[in-house]
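Participant: Quick one: the structure is below, and I'll ask about it shortly.
The values are calculated or read from the model by the stated rules, or taken from the named source; none is laboratory data. This structure is a prediction, so every number in the text was calculated from the model and none was measured. Neighbour counts run over all protein chains shown; Cβ positions are idealised from the backbone, glycine included. The protein model used for the area step is the full one, side chains on, heavy atoms only, and it has no ligands, DNA or RNA in it. Shrake-Rupley method; radii C 1.70, N 1.55, O 1.52, S 1.80 Å.
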Amino acid sequence: MWSQEEFKTAVPLVVAVITGLFGAGVAVLTWKLTGRRERLKLRQEQQMQHYKSIEDLYTSLLEMVHEGIRYTEARLNYDEYYQSMSPLLSRAMLKAPEEVLEQLQLACDALSAWSSEYRQGLPRLVGNTGLAMVSTQDFPHQERARELRPLLNDELHKLNAKMKKDLDGRRKQLPT
């Protein structure tokens, strides 16, 4: 067996070895948990960025439709509007779910129908004089534009609702 002298020497040595192993185990465990926490945090940040990008996209799409209404009512040229619309619609086609895209198409169709009738119903400008001439041919278009405006508003409300529903679903999937 062990002598008392050997036992006195071995006990501190065993304590030192056990303490060292425990310290190494704690260091490895801390390193693993820290790496896991960092990966989880990175994933959460990526999911939040994706959510924000979809939210920004939806906001821009709604702004685009409302800007189309403003361009129509102000008799502005659509060239600039179409140029800004193209990249936005391309992003939507890549990121938005099918039900939002379908409703966006319905809203754009309603905007197109309304704006066409609205523009045709406007009094004709007389050169650069700032004067306009009202014609009886304008009245059917004005009436049709008044009929189409509530339909346009309805499609916009439906689009907004589908976007909110999609964002709510995405928000619920975000880690807390």
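Participant: For the range 2-41, name all the residues that are among the small types (G, A, S) and outside any helix (DSSP H, G or I).
Facilitator: Scanning the range 2-41 gives a single hit, S3.
Participant: Select from the range 130-142 the residues that are part of a loop (DSSP other than H, G, I, E, B), farther than 19 Å from A74 by Cα and open to solvent by 70 Å² or more (accessible area, probe 1.4 Å) and write down the one among them that is modelled with the lowest pLDDT.
Facilitator: Top of the filtered list is T136.
Participant: Filter the range 81-114 down to the residues that are open to solvent by 90 Å² or more (accessible area, probe 1.4 Å) and farther than 20 Å from N153 by Cβ and list them by number.
Facilitator: Y82, Q83, R91, M93, L94, E98
Residue-wise test of (1) aliphatic (A, V, I, L, M); (2) modelled with pLDDT under 95; (3) over 30 Å from Q46 (Cβ atoms).
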residue: R124; (1), (2), (3): no, yes, yes
residue: N128; (1), (2), (3): no, yes, yes
residue: R144; (1), (2), (3): no, no, yes
residue: H157; (1), (2), (3): no, no, yes
residue: K164; (1), (2), (3): no, no, no
residue: L167; (1), (2), (3): yes, no, no
residue: Q173; (1), (2), (3): no, yes, no
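Participant: Moving on to the next point. Kindly indicate whether E80 is modelled with pLDDT of 95 or more, out of contact with any strand residue (DSSP E or B) (no Cβ under 6 Å at 6 or more places or on another chain), in a helix (DSSP H, G or I) and farther than 30 Å from Q46 by Cα.
Facilitator: It is false that E80 is modelled with pLDDT of 95 or more, out of contact with any strand residue (DSSP E or B) (no Cβ under 6 Å at 6 or more places or on another chain), in a helix (DSSP H, G or I) and farther than 30 Å from Q46 by Cα.
Participant: If a residue must be surrounded by fewer than 12 Cβ atoms within 10 Å (Cβ to Cβ) and within 13 Å of M163 (Cα to Cα), how many such residues does the range 62-80 contain?
Facilitator: Adding up the residues that qualify gives 0.
Participant: Only one of (1) over 39 Å from the mean Cα position of the chain (by Cα); (2) among the hydrophobic types (A, V, I, L, M, F, W, C); (3) under 27 Å from L122 (Cα atoms) fails for V28. Which number is that?
Facilitator: Evaluating V28 over (1) over 39 Å from the mean Cα position of the chain (by Cα); (2) among the hydrophobic types (A, V, I, L, M, F, W, C); (3) under 27 Å from L122 (Cα atoms) leaves (3) as the failure.
Participant: Follow-up question, since we're still on this one. Working only within the range 42-77, note down all residues that are assigned to a helix (DSSP H, G or I), under 17 Å from S115 (Cα atoms) and not acidic (D, E).
Facilitator: Matches in the range 42-77: L62, M64, V65, H66, G68, I69, R70, Y71, T72.
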